[in-house]
1. Among the residues of the range 32-45 satisfying the criterion of being assigned to a strand (DSSP E or B) and touching a Lys or Arg at 6+ places or on another chain (Cβ under 9 Å), which is modelled with the lowest pLDDT?
2. Picking from LEU79, LEU61, which residue would you name as being closer than 16 Å to THR237 by Cβ, assigned to a helix (DSSP H, G or I) and either in contact (Cβ under 8 Å) with a residue 40 or more places away in the chain or touching a Cys at 6+ places or on another chain (Cβ under 9 Å) (or both)?
3. Among the residues of the range 149-166, is there at least one that is surrounded by 15 or more Cβ atoms within 10 Å (Cβ to Cβ), modelled with pLDDT under 55 and at positive phi?
4. Kindly list the number of the only condition in (1) crowded, with 16+ Cβ neighbours inside 10 Å; (2) under 25 Å from ASP85 (Cα atoms) that fails for ARG284.
5. Just to check your reading of the model, which residue among VAL249, VAL255 is at pLDDT 90 or above and either touching a Pro at 6+ places or on another chain (Cβ under 7 Å) or closer than 20 Å to ASN82 by Cβ (or both)?
6. Answer yes if at least one residue in the range 282-296 is among the charged types (D, E, K, R), in a helix (DSSP H, G or I) and either modelled with pLDDT of 80 or more or within 29 Å of the chain's Cα centre (by Cα) (or both), and no otherwise.
7. Does the range 110-118 include one or more residues that are surrounded by fewer than 16 Cβ atoms within 10 Å (Cβ to Cβ) and part of a helix (DSSP H, G or I)?
Amino acid sequence: ARPPVLARAMAAAASAAPKRHFAADASGAAAAASSATKEPLASETGPAENHVFQTETRQLLDIVAHALYTDRHIFVRELISNSSDALEKLRHMQTTGEPVEDPDRPLEISISTDEEAGTVTISDSGVGMSREELMENIGTIAHSGSKAFVKQAREAGSKDVGANLIGQFGVGFYSAFMVAEEITVYSKSARPDAPGHVWRSKGEGEYSLARADGLKRGTTIVLKLRSNAKDFSRTKTVEDVVKRHSNFVGFPILVGGEQVNTVGAIWAEPKHLVTEEQYLGFFRFKTGQQYSSPLMRLHFAADAPLELRA
């Protein structure tokens, strides 16, 4: 769920909506994801099935792959948002008493980079996806706004597809093809005894899907970066993007094994529960002034006519 309306306005430059995915133990997520760039996260079993994207998906991929984004970093925000959604779904399954695989694992998002291999890997220990869910959620665009996205993107000019347009139509996963020449998705459903699968595509009209053994609950997305996007294979680059756009996601985000979203969304908390240290930390995070203090503060909430938290 995204932050309340006013909170989003306050944090527009630094936050992104929570949303989906991982495969290795959370405690060793960074190391496992890093190794994924050099060797497979799982062993593929049986022949890979080749599938063709539906027409709307092919059109969308063509637009995204050839768009000259001025803000290409939005793919990090979108994939983290998807991961957060998957973690929320897993948490909901747990609170409603549904059985899940490895229920004691921490709910985390992990990002690792590999400059030598030219990859960035985003993983989570969320709800994961079955074969059918991979085909439905990634292989096709069931979203009713997909045609509208393609239409508006063309009207805007395929070289002017911005972050707002991507987010507006809910096709954020495909923004990764803006920087990736190939994407591999490893996923295993949280349902006990569910098999794992690997999805792979170069965004050229088709994708492959195969069974994969050795995966744990969640999803891992490995991006093989284009030659003009290798900057995202550097840990510092990704860390800066996370701090700027995904800092207030409600789950720990680890980059290179270190948690980077350490400042909470204090506007969403009752003010009597927020400490002076939290207010000061939030101010210094937003302003970048590590030795300054605010002249004043206003913390309020309203439920009508709109729900506001600020």
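1. Result: THR45.
2. Every option except LEU79 fails the conditions.
3. no
4. (2)
5. VAL255
6. Checked against the condition, which is being among the charged types (D, E, K, R), in a helix (DSSP H, G or I) and either modelled with pLDDT of 80 or more or within 29 Å of the chain's Cα centre (by Cα) (or both), the range 282-296 yields at least one hit.
7. no
For (1) closer than 25 Å to ALA190 by Cβ; (2) modelled with pLDDT of 80 or more; (3) buried (at least 18 other Cβ atoms within 10 Å of the Cβ), each residue gets a yes or a no:
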{"position": "PRO4", "(1), (2), (3)": "no, no, yes"}
{"position": "ALA17", "(1), (2), (3)": "yes, no, yes"}
{"position": "ALA30", "(1), (2), (3)": "yes, no, yes"}
{"position": "PRO47", "(1), (2), (3)": "no, yes, no"}
{"position": "ASN50", "(1), (2), (3)": "no, yes, no"}
{"position": "GLN54", "(1), (2), (3)": "no, no, no"}
{"position": "ASP62", "(1), (2), (3)": "no, no, no"}
{"position": "LEU87", "(1), (2), (3)": "yes, yes, yes"}
{"position": "PRO103", "(1), (2), (3)": "yes, yes, no"}
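The values are calculated or read from the model by the stated rules, or taken from the named source; none is laboratory data. Only a predicted model underlies this, so the values are computations on that prediction, with no experimental measurement involved. Counting neighbours? That spans all protein chains shown, and the Cβs are built from the backbone with ideal geometry, glycine included.
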